[in-house]
Every structure is written in C-alpha cells, then in structure tokens.
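The values are calculated or read from the model by the stated rules, or taken from the named source; none is laboratory data. This is a predicted model, so every value here is computed, not measured. With ideal geometry, Cβ positions are generated from the backbone for all residues, glycine too; neighbour counts draw on all protein chains shown. Ligands, DNA and RNA are excluded from the accessible area calculation, which covers all protein heavy atoms including side chains. Shrake-Rupley method; radii C 1.70, N 1.55, O 1.52, S 1.80 Å.
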Amino acid sequence: MDDLPQFPPLISPTAQRPLLGVTVLVVEDSRFACEALRLLCLKSGARIRRADTLAAARKHLRTYRPSVIIVDLGLPDGSGLDLIRDLHRYDHGIQAILATSGDDTLAHAAISAGAHGFLSKPLTSVAVFQQAVLKHLSALSTTARLRAANPETVHPDALAYNDDLRKAASSLSQISEARQLVYLGRFVSGIARSAGDIDLQTAAETLLATQRARRPNDQIIARLASLLKQRIATRRTV
C-alpha cells in the first residue's frame, strides 16, 4: 500500500519537499531499512511503494511505472543486481535506478550492472537521499533543485528492527542449505550495521567468513542464534 494518497498532489515540488509527485519503489527485505526509506520519502514529498523480493518487484513493475527504484542488493530470492541489469537492458520508463547495501564494496558491481547511483546503509540523511535522487530527475522544477540542504536525519522505529530480529531468528532455525545461510548472514550483518549493533554484526560477518572458506561451524551458528535470542528478549521487556 502507498504511504501517501492514491493520486499525486497537483502542486509543484518545493524547496522543502522537492520530490512531490515522484513515486519511489523500494525493493528491500529489511523492515528497519525500509522504514528509514519510508521516512526519507515522507520528508521529501515522495510516494512510496514497497516490495520485499525480486518476484514481488517484477510483479509490481508489470503494472506500475515508478519514477525511481531503490534496489537492495541482497534479497531472499536472489541478487538485486539481476533486477538492475534487467531494468538497464529494457526501457521501463524509470528515471533513476539506485542500488543500496551495507557492503560498500558492491558499489562498483551495482554501477556496472546499470544502476545510476549507490546508497550506502545505514541511510539516515535527508539531504544525501534527496541529492542522490534529484540528480537523475531532470523534469523537476528549478525551485526544488535550488533548495537548501536539509540537515534532518531519520530514525526508524525500533519495532521494525525487532521484526527483523524475529525474522532472522526464525529463518536460522529452519535453514537447510548453505545458500540460505549466506543470505541470512548478510541480512543480519546489514540490519545490525544499520542499528549500530556491533556484536551482532561481528557474529554475522564471522558466519559469512566461515561460509566463504567452506568451513561451517556449529558454534558460530549457535553464537549468532544466541545473540538474536538475547536481543529479542531484551526488546520484549523494554
């Protein structure tokens, strides 16, 4: 569902809300990261639609044509790079294709696949978000482009982070393939980095390192499961 009304406002972008009339499709599996983008869009005047998988994004694009698409590079059913390549290869009428990840080393791969820009997580600055989008939207008014940089930052609701923790804990208990473990390690590393949870991020990155070396370690998996359980229990009592 949209966070703003069904039809775009019949007014021009302003210095305060430079993305009025713009629709952003966010392809993101983390509720915490998606909540940050929702707040950034809200403060900028943009409408937002959301998809949490590649399949959901492709289904959406068969019906709607957003002005901007922001694609997380690590998704449950594949790499966001595949979607970016498809969008770059075929004319979908999208003015700006932006990739996002907590792993800055993926920026080059994203640009090579056809992304117009890369947003590093955690993304909290309204000014950085607006500038990344506006440079690709030539149709917007001069007023919007000449706005003063917005000094605000956004702070996603902690409940969204808790939802991500629960999702990770549930997924970890049901994993049956190495590929799923790699996805989960990246997911947990990303949400922990966005939330500033260094211990959890380290545990997830240690898990990824063992998977890359093809030396899975039950103790490392148990450590990650224990940390997730602790975080969920702590937040339940707050």
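Miscellaneous remarks
- Using alpha-carbon coordinates, inclination of helix 178-195 to the longest axis of the chain, degrees: 60
- The largest-to-smallest principal axis extents of the Cα set in the chain are 57, 43, 29 Å.
- Choice from G93, G45, G185 with maximal GNM fluctuation in the chain (Cα, 10 Å cutoff): G93
- Shape of segment 46-130, Cα gyration tensor, a/c cut at 1.5: rounded
- With θ taken as phi - 60° and the Karplus curve 6.51 cos²θ - 1.76 cosθ + 1.60 applied, the whole-hertz 3J(HN,Hα) list for segment 104-112 is 5, 5, 8, 4, 4, 4, 5, 5, 5 Hz, x standing for glycine and proline.
- Comparing I84, I69, I175 in a Gaussian network model of the chain, where Cα atoms under 10 Å apart are tied by springs, the biggest mean-square fluctuation is seen for I175.
- The phi torsions of segment 125-134, fed into the Karplus equation with coefficients 6.51, -1.76 and 1.60 and a -60° offset, translate into couplings of 7, 5, 5, 4, 4, 4, 5, 5, 7, 4 Hz, rounded to whole numbers, with Gly and Pro shown as x.
- The H on the amide N of I48, modeled in the peptide plane, is under 5 Å from the matching H of D3, L4, V24, each at least 5 residues off or on a different chain.
- Counted over segment 51-175, the DSSP beta bridges are approximately 25% antiparallel.
- Taking other residues whose beta carbon is less than 14 angstrom from the beta carbon of I220, and scoring Lys, Arg as +1 and Asp, Glu as -1, yields +1.
- Per-atom-type breakdown for the chain gives carbon and sulfur 52% of the accessible area (1.4 Å probe, protein chains only).
- Taking all protein chains into account, the per residue accessible area for the chain stands at 51 Å² (1.4 Å probe).
- Sequentially through segment 39-50, phi angles give Karplus couplings (6.51, -1.76, 1.60; θ = phi - 60°) of 5, 5, 5, 4, 5, 9, x, 7, 8, 10, 10, 10 Hz, Gly and Pro residues having no value and appearing as x.
- Among R65, R214, R85, residue whose mean-square fluctuation peaks in a GNM of the chain (springs only between Cα atoms under 10 Å): R214
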